[in-house]
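The structure under discussion appears below in the form of structure tokens.
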Protein chains: 2
Amino acid sequence: MTASYREAGVDQDAADALIPRYAAEAARTRVASHVVSLGGFAGLFPLEDLMARGFKRPALALSTDTTGTKIDLLRKAGLHRTAGWDCVAMNVDDVVCCGAEPLLFVDCIATERLDPDEAVAIVGGVADACVESGCELVGGETAQLPGLLSPGAYEVMGTCVGVVDLDNAWGPHRVKPGDDIVGLASNGVHSNGFSLVRRVLGDDDPPPGLLAETAIYARKLLGLADEVEVRAAAHVTGGGLADNLARALPDGCGATIDVSCWDRPGIFEWLAERGISEEEMRATFNLGVGMIAITPAGARAVEVLGGLGVSAWVIGEVEANRPIELV
Amino acid sequence: MTASYREAGVDQDAADALIPRYAAEAARTRVASHVVSLGGFAGLFPLEDLMARGFKRPALALSTDTTGTKIDLLRKAGLHRTAGWDCVAMNVDDVVCCGAEPLLFVDCIATERLDPDEAVAIVGGVADACVESGCELVGGETAQLPGLLSPGAYEVMGTCVGVVDLDNAWGPHRVKPGDDIVGLASNGVHSNGFSLVRRVLGDDDPPPGLLAETAIYARKLLGLADEVEVRAAAHVTGGGLADNLARALPDGCGATIDVSCWDRPGIFEWLAERGISEEEMRATFNLGVGMIAITPAGARAVEVLGGLGVSAWVIGEVEANRPIELV
């Protein structure tokens, strides 16, 4: 027997042939022409421009995350670009929560078998979302993992590097009782809770809106901060509103969130009808608020966000010595 | 029917309970006490210490990669720590190829079902390898992906951020004909070519050494560069010696590599006996040389590396107007 890597399910030539196609997608994300490559083992990003911008105490902010099990439905629906887009969304909106601007992104695609057109579509979606969030795609990896993933499956992981001036960074340390809690509209379940979604969906076709691209808030939040003081932010992902808001509040502070004060996208009604309890919904999904900003000027923030094309509502107020409750 | 996230195969409470266990592992990797967390959405790394070290033109170097299909054998053998270690090895030794020192690491574990002890062991191995390579584990994600991975399977992806002074960065631009090509000993197949390995292994037990921890070269190479001018480096992974050496040489330059001038670990003999041709072996595996350093002072480099505990050999010389050939 002669065994070859190709017979074992790994096609190195096909992977190599993808490099220029990936590079073309990545080129669309260039903010400046300063990303350099020296031999191709790693992407290099000079910090001089950053220094020249006058950060007093620059700090890198890192996030890593996957698209999650939504990806299985996206793949079956042929929405490969969204599979890439959503991975970026999950990461850049974690990074922005400390006030950092997304700077660099690398993606890592794991495939059961390499489908070159699917892979390029995924990277195309990654690039689209990098453009949307203002960060540069500086590298990536496509790993062929026959036998490890389910037949035909792929997963997308990514890492975002952002930068923030530590003196201006957002976080619980800046939040005070009396601050307004502003909710930014989601466009559905985004890319969280899909193991539960898939369970109630079974073999049915996905309802309208279920597979929509995850909203990206990074530029909107940074734009908001140009006009209004933002003290903290919370990306509403797994764990829902309460668990994620808790990460943005100082110890002992809480809030009463009135869930009737915003429009809940219809997809959540559909999920409820399929047998998911309100309690489970609240602990798993964003329920219509995909990002939270905490600011002393809630009404003005809602106005500014409206001007940026984002529906938003003051959904509560930070209170001392209180738990977080959804009512 | 009432559907819950837990019934759907995702245990958020178990995932939350892992956070302090992960944090204890990450704490072992702290180089200084300067990593800060503001609300926990992203790890923050101040750049002040870096600036204080006098980099003239600091640049970030990014790499992202997976442990690959070796992980399936590691998991079945209970070698979860190695699954984490190898992911770091794949990344830090890409980053060091431009002369960058590994600085920060984030890991992303994808599991079919979360096994808390396996997950902590994986992160423990990540932390061990971060200590070995001098970088700090600043964040991570554990994604539960029921249905997407094969039953019981997990995968580990990671991203390394390194830093290099652009004026001193290594790469093909610095390499000249006449430079020595120094090969650093591998301890086996490392974490590459395992789809092929698994095919020839079948259901047999792995032979001794097959699942050894991947050697990490980052600190050794940086130590070498303290004593000898290193002009470029090539991490020998998928594609073997020729393809990876090519990434470290300027256009038009090549070399004749005499594969008899180093000790080939026994595992490669075992693979050959299982039916993998020499041609396929050369195109897939490192054959005993896991890292290449290009330097004008090969003999001295071998001596310095020996002092650092790394076996090394001058395996060729850079030549103009020549292909890369293994003889």
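The values are calculated or read from the model by the stated rules, or taken from the named source; none is laboratory data. Just so it is clear, the model here is predicted, and its values are computed rather than measured. All Cβ positions, even for glycine, are placed from backbone atoms using ideal geometry, and neighbour counts span all protein chains on display. Heads up: the accessible areas ignore ligands, DNA and RNA and are worked out on the full protein's heavy atoms, side chains in. Shrake-Rupley method; radii C 1.70, N 1.55, O 1.52, S 1.80 Å.
Tabulated data
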read-out	value
Those residues of the range A:277-292 which are among the small types (Gly, Ala, Ser) and within 16 Å of A:Ile324 (Cβ to Cβ), in sequence order	A:Ala283
Filtered residues of the range B:170-192 (kept if within 11 Å of another protein chain (Cβ to nearest Cβ) and touching a strand residue (DSSP E or B) at 6+ places or on another chain (Cβ under 7 Å))	B:Trp170, B:Gly171, B:Pro172, B:Arg174, B:Val175
So A:Val189, is it assigned to a loop (DSSP other than H, G, I, E, B), under 18 Å from the mean Cα position of the chain (by Cα) and of a type in the set (A, V, I, L, M, F, W, C)	yes
Contacts under 6 angstrom Cβ, first residue in the range B:46-69 being more than 7 Å from chain A (Cβ to nearest Cβ), partner open to solvent by less than 10 Å² (accessible area, probe 1.4 Å) and of a type in the set (Asp, Glu), 6 or more apart	B:Thr67/B:Asp86
Residue check, B:Asp128 acidic (Asp, Glu) and crowded, with 24+ Cβ neighbours inside 10 Å	no
Residue check, A:Ala77 facing chain B (nearest Cβ under 10 Å), aliphatic (A, V, I, L, M) and either buried (at least 24 other Cβ atoms within 10 Å of the Cβ) or out of contact with any strand residue (DSSP E or B) (no Cβ under 8 Å at 6 or more places or on another chain) (or both)	no
Filter result for the condition that a residue is more than 14 Å from every other protein chain (Cβ to nearest Cβ) and either more than 22 Å from the chain's Cα centre (by Cα) or farther than 30 Å from A:Asp204 by Cβ (or both), over A:Pro296, A:Pro250	A:Pro296
Residues located in the range B:201-252, provided they are in a helix (DSSP H, G or I) and more than 20 Å from B:Gly99 (Cα to Cα)	B:Leu201, B:Gly240, B:Ala242
Pair list, Cβ < 8 Å and 6+ apart or interchain, from the range A:72-86 residues that are in contact (Cβ under 8 Å) with a residue 24 or more places away in the chain and among the β-branched types (Val, Ile, Thr) to residues that are buried (at least 23 other Cβ atoms within 10 Å of the Cβ) and assigned to a helix (DSSP H, G or I)	A:Thr82/A:Leu74; A:Thr82/A:Gly125
Subset tally (residues that are open to solvent by 30 Å² or more (accessible area, probe 1.4 Å) and of a type outside the set (Lys, Arg)) for the range B:167-208	13
